[in-house]
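Enquirer: Input: one structure, supplied below.
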Amino acid sequence: MPEHEDQQRARELKAFTQEYLAAEAEGRPVAAVTHEGWRPGARCGSSGTEGVLLANHESGWAGMAVFRRDRETPQHNLLSRGWNPDFTHRPYSVEWTHPGFAGILAPDMARLELITPDGTVLPAQIAAGSYAVSVNLDLPSERRLDELRAAGPVTIDDELDAVWASSREANDQLREYTVRVYDTTGTLRYNGPALPVDR
């Protein structure tokens, strides 16, 4: 039975991620990593332990690999229609909020900074029209899951509850953050809330 396109793209994305991580571990240039049409976008985190890697396929598909400290293998998400950013209100989209803060930049935007409530500036990595920022958030649901794991095996329901709760907690905390975006001339083009009000 022939492989469906989504299965093919998922398999390719996983293989691409492994090649990217191998290049990263060996100190080779990651921007040059390709695999069956997949190319890297921005990445945050280090050594595959926490963060996200955005990727694009030459066919128009897009995807990401999400790395979590408590999982040996990354989670892969696929978008058959590619990124569909809305730049109506700000010159960037938010595609992922935890772990890492990542998305797509509007054309001619060259730099993005995430500013914490205490004023710390976290510069984004920019690659292939995307951005990704490593940000440490204090999420009670993840602490609770760590406590449950220390006490013994946890159920899949506990795991899923923690994932959904941590996503909500991350969004709540990121509403207190600010983003600044600069264009290719260095002009400030956006200075405002990190997350859309309706998120």
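Enquirer: Magnitude of the Cβ-charge dipole of the stretch 24-83, K/R +1 and D/E -1, about the Cα centre, nearest 20 debye?
Expert: Using Cβ point charges on Lys, Arg, Asp and Glu, the stretch 24-83 gives about 160 debye.
Enquirer: Karplus couplings for the stretch 80-96 from phi (6.51 cos²θ - 1.76 cosθ + 1.60, θ = phi - 60°), rounded to Hz, Gly and Pro as x?
Expert: Residue by residue, the stretch 80-96 yields 5, 9, x, 5, 10, x, 10, 9, 4, 10, 7, x, 7, 10, 10, 9, 7 Hz.
Enquirer: Follow-up question, since we're still on this one. Can you tell me what the convex hull of the Cα atoms of the chain projects to on average, as an area in nm²?
Expert: 13.2
Enquirer: So how far apart, in nm, are the two label points at residue 88 and residue 144 if each is 7 Å from Cα heading toward Cβ?
Expert: The modelled label-to-label distance comes out at 3.5 nm.
Enquirer: Quick one: among 147, 113, 169, which has the greatest mean-square fluctuation in a GNM of the chain with alpha-carbon springs under 10 angstrom?
Expert: 147
Enquirer: Further question on the same structure: In Å, the Kirkwood hydrodynamic radius of the stretch 130-199 over pairs of distinct alpha carbons?
Expert: Computed over Cα pairs of the stretch 130-199, the Kirkwood hydrodynamic radius comes out at 14.5 Å.
Enquirer: Hey, any idea what Rg/Rh is for the stretch 7-64, computing Rh the Kirkwood way over Cα pairs?
Expert: Rg/Rh for the stretch 7-64 comes to 0.94.
Enquirer: Based on Cβ point charges of +1 for Lys and Arg and -1 for Asp and Glu, what charge dipole magnitude is obtained for the stretch 76-199 about its Cα centre, in debye rounded to the nearest 20?
Expert: Working: 11 positive and 18 negative charges, 99 e Å.
Computed about the Cα centre, the dipole is about 480 debye.
Enquirer: With a bin width of 5 angstrom, please list the P(r) values of the stretch 78-151 as percents of all Cα-Cα pairs, from the 0 bin to the one holding the largest distance.
Expert: In order of increasing distance, the bins hold 3, 14, 20, 20, 15, 11, 9, 5, 2, 1, 0 percent.
Enquirer: Normalized C-alpha radius of gyration of the stretch 1-99, against 2.2 N^0.38 Å?
Expert: Its radius of gyration relative to the 2.2 N^0.38 Å reference: 1.09.
Enquirer: Placing +1 on the Cβ of each Lys and Arg and -1 on the Cβ of each Asp and Glu in the stretch 126-199, which of 131, 164, 153 has its Cα farthest towards the positive end of the resulting dipole?
Expert: About the Cα centre, the residue reaching furthest to the positive side is 131.
Enquirer: Gaussian network model of the chain, Cα springs within a sub-10 Å range: biggest mean-square fluctuation belongs to which of 103, 51, 129?
Expert: Evaluated over the chain, the most mobile residue of the options is 129.
Enquirer: Tell me what the chain gives for mean residue ellipticity at 222 nm when only DSSP H runs of n ≥ 4 count, each as -39,500 (n - 2.57), the sum divided by the residue total, rounded to 500 deg cm²/dmol. Walk me through the intermediate numbers first.
Expert: Details: 3 runs with 53 residues, N = 199.
Dividing the helical sum by the residues of the chain leaves -9000 deg cm²/dmol.
Each value in this text was obtained by applying a stated rule to the coordinates, not by laboratory testing. Being a predicted model, the structure only gives us computed values, none of them experimental. No Cβ is skipped: glycine too gets one built from the backbone with ideal geometry, and neighbour counts run over all protein chains shown.
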